[in-house]
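Since the structure comes first, as structure tokens, the remarks are kept for the end.
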Amino acid sequence: MAISVFPVFEDFAAEIGDLDLTQAQDEAVIDAVREAFARYAVLVIPGQNLSEADHLRFARWFGPLETTIGSFRDDTQLRTSDKIADVSNLDTHDAIWGADSRQRMFQLGNRLWHTDSSFRQVPARASALYARSIAPVGGQTEFADLRAAFDALPASRQAELRPLVARHSIFHSRAKLGFSNFSEAERQALPEVRQRLVRRLPENGRESLYLASHIGGVEGMDEAAAQALVDDLCAHATQRAFRYVHRWRQGDLVIWDNRCTMHRATPFEDLRWPRDMQRATIEDVGNTVDAN
Ligand code: OGA
Ligand code: MN
């Protein structure tokens, strides 16, 4: 059966119907989902009931998977396999995390506009987040279309931005929240990386800003000027016209393109309600400075 596609905006965010990801799918269906993904950059696939294996099989339609950096926790035992990022507020025993837990502090970083794994040499191409359980209120995820944001800039500005290279680190975004008690070993495992500020998507030639709270500087600019530039671009890119807000239902699977969108979590009463989200993350093909 063919999938159905319900766009939210003309070229950004769409809901996909008639797709049961517990079942193996024909190549034609997989191609149709890939095609929708290339156009809309955020796909919502509701009403799923996925095992971890189903989730990973779907994610592999888009490329090889990342291994999670699941180490920033108080408990060392993961609730998931190492191909799944545990984005829940739960500990190993499925109890709600402590107010002072490291995991809570770390995940606060998701409240800042970001794109996943831009702090890795090879960043994430896409992320597929599955809602196993949700809070009754709050906890939406917002997405911003960085292709549309780039297109809306004056040509002269686009030309100035194209050659720029930013420095990304997970520790930059966490420092913005006052979270800095990382060990030397943790810091050394994730050194700062270089990424282009503007990138081109090979499937359709569209250009996109490539922004994240992980940015700590821009090469060739002093710190204050770089910060002002990045803040200005982020404010431009996240204005209402470029935004989709996802209000979760249990069983939603949402996949987004990290190359050309930013996202952020919105608050909920995380010490009261369990919110169990699991993320499979698909690797990009290389570092952005080597591409384009
Ligand atoms: C993520 C993320 C936001 C949310 O999983 O990468 O940023 O709302 N999640 O949980
Ligand atoms: Mn994220």
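Every read-out reported here was derived from the displayed coordinates using simple, explicitly stated rules and does not represent laboratory data. Keep in mind that what you see is a predicted model, and the values were worked out from it rather than measured. Cβ atoms come from the backbone with ideal geometry, glycine included; neighbour counts cover every protein chain shown.
Would you work out which of 211, 228, 277 lies farthest towards the positive end of the dipole of region 166-292? Charges go on Cβ: Lys and Arg +1, Asp and Glu -1. Highest projection toward the positive end goes to 277. Across the options 149, 93, 172, the greatest Cα extent toward the positive end of the charge dipole of region 41-195 (unit charges at beta carbon of Lys, Arg, Asp, Glu) belongs to 149. Computed per residue of the chain from DSSP H runs no shorter than four, each worth -39500 (n - 2.57), the mean residue ellipticity at 222 nm is -6500 deg cm²/dmol.
Within region 60-118, the ratio Rg/Rh, alpha carbon atoms throughout and Rh by Kirkwood, equals 0.98. Electrostatic tally near residue 172: other residues with Cβ closer than 12 Å to its Cβ, Lys and Arg +1, Asp and Glu -1, net +2. Farthest towards the positive end of the charge dipole of the chain, among the residues 25, 122, 261, is the Cα of 261, using unit charges on the Cβ of Lys, Arg, Asp and Glu. For region 37-147, the gyration tensor built on C-alpha atoms gives a rounded shape. Its axis ratio a/c (a ≥ b ≥ c) stays under 1.5.
At what distance in angstrom do the alpha carbon centres of region 231-273 and region 49-100 lie from each other? Answer, in whole Å: 19. Note on region 117-195: Cα-Cα pairs beyond 22 Å make up 51% of the total pair count.
The calculated Kirkwood hydrodynamic radius for region 226-292 is 15.4 Å, given to one decimal from all distinct C-alpha pairs. In a reduced charge model with +1 at each Lys and Arg Cβ and -1 at each Asp and Glu Cβ, the chain shows a dipole moment near 440 debye about its Cα centre.
In a shell of Cβ-Cβ distance under 14 Å around residue 207, excluding residue 207 itself, what net charge do Lys and Arg (+1) and Asp and Glu (-1) give? Let's see the in-between values first.
Numbers: positive: 147, 157, 162, 196, 199, 200, 206, 259; negative: 11, 145, 151, 160, 203, 257.
Its environment carries a net charge of +2.
Take the Kirkwood radius over Cα pairs of region 188-273, plug it into Stokes-Einstein at 4 °C and 1.567 mPa s, and you get 82 µm²/s for translational diffusion. With only Cα atoms counted, the chain has Rg and Dmax values of 18.4, 56 Å.
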